[in-house]
Amino acid sequence: MSSLREMTRQDATAAGPVVAVDTDDIVAPDRFGWWNDMVGHEVMPVAIQSPHANRFRGQVEAVGFPRSQVAAFDFSPLTARRSPVHIRRRDPEDYFLVLVRQSAIRLEQARNVVCLSSGDMALFSSSQPLTCDFLDRGGLVCLTLLRIPRALLPLADHRADQMLAERLPNKSGSGVLLGPYLTSLPAAARGSGPVELARLGAIGVDLAGSLLAARYRDQDSLPAETRRTALLVRISAFIDHQLADPALDPAAIAAHHHISVRTLHQLFQGEPESVAATIRRRRLERCRADLTEPHLRHRTIGDTALRWGFRHPADFSRAFRRAYGVSPGEVRAALR
């Protein structure tokens, strides 16, 4: 089987930018050994033990970017230890931000110990001894790793080392956005070309940098481009959340994010469309999706428009025809 990291470095392959491997492709007696070797090559050398070694299951779905990688792991419970010997053998000098999707993890590094459950995030490093207990809770351990080279993380003075094996905030700011980003990335990457894929990778690193800087209360140390990207992601999420509000407009967005309307428009100058165009397109997409849902057939076209923030049905109909070349009524009629 080819190297996972080599495969994910290609922005597009015959199977697309997402690479998936599964122990089901390995003969049963060799599965645990193969998993051990894969982790050593694709993450970092460790010693692993598992009470499930004879019936081990594991799969990985990875997305590679020019300088980082996101990989979703599902596997039987195990314990992994990285010793000074492992570090001397090979140190990729990477940080790993881990998101627990299912089960629980006990993480020990740099004299810190943290117990993580579903939804929690933490940081660990390849450059210090490490113990990870992936606990048996009656099923597979499911987690996602964002691998960030040390040189790429936009924090000064190795401040990330001061946050190893600590629970990171996931209920506010960049933490709220980073979790969904990591879990949805493989699906998003499948429909992305090389340029969009590189942009998705940069967003992940910027969100992680913003999260860690906020934890250290050191946002000013982040590069301006990192702060800009993180702010744009927060604005994008806010727009999606507020689409149904007819009052959603550039002024409301700017006020919510404590910036001026002029600054908001400047942020979008490098984007494919303006703030207003972004709001309109996403509202139209939601309306079109609703109009094609058979179980929403009872809802009138006017109600659908109002549901997604269009104040005037006539304006909605004109905008819909300009965007899709057909009227909302013609889309609804196609259901019959």
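Values computed for the structure shown
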quantity	calculated
Unit charges on C-beta of K, R, D, E only; dipole of the chain, Debye	780
Of every Cα-Cα pair in the stretch 72-134, the percent that sits beyond 13 Å	64
Within the stretch 90-144: Cβ-based charge dipole about Cα centre, in debye rounded to nearest 20 (Lys, Arg +1; Asp, Glu -1)	140
Segment VAL261-ALA237, extension gain: residue separation times 0.36 nm, minus the distance between their alpha carbons	6.9 nm
Listed residue (SER274, SER117, VAL331) projecting farthest to the positive dipole end of the chain, Cβ model	VAL331
Cα-centred dipole magnitude for the stretch 243-333, charges only on beta-carbon of K, R (+1) and D, E (-1), debye, nearest 20	200
Nearest-ten-degree value, helix 224-242 long axis tilted from longest Cα axis of the chain	60
Options GLY209, LEU130, PHE320, ranked by Cα towards positive dipole end of the chain, top entry (Cβ charges)	PHE320
C-alpha long axis of helix 313-324 to longest principal axis of the chain, angle in °	60
Equivalent ellipsoid dimensions for the stretch 243-333 as semi-axes, Å, which come from the Cα gyration tensor, largest first	28, 14, 10
Packing rank of 242-251, 278-287, 119-128, where each peptide gets the mean count of other beta carbons within 10 Å, highest leading	119-128, 278-287, 242-251
Fewest-first ranking of TYR95, TYR324, using other Cβ atoms within 10 Å as the exposure measure	TYR324, TYR95
Value of [θ]222 nm, deg cm²/dmol, for the chain, DSSP H segments ≥ 4, -39500 (n - 2.57) each, nearest 500	-12500 deg cm²/dmol
Extended-chain gain in nm, criterion 0.36 nm per residue less alpha-carbon gap, LEU135 and GLU93	12.5 nm
Stokes-Einstein diffusion coefficient of the chain, Kirkwood radius over Cα pairs, 10 °C, 1.306 mPa s, in µm²/s	72
Helix 194-215 vs. the chain, principal-axis angle (Cα, 0 to 90°, nearest 10)	70
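Rule-based calculations on the coordinates, nothing more; no lab input. Only a predicted model underlies this, so the values are computations on that prediction, with no experimental measurement involved. Positions of Cβ are backbone-derived with ideal geometry, glycine not excepted, and every protein chain shown enters the neighbour counts.
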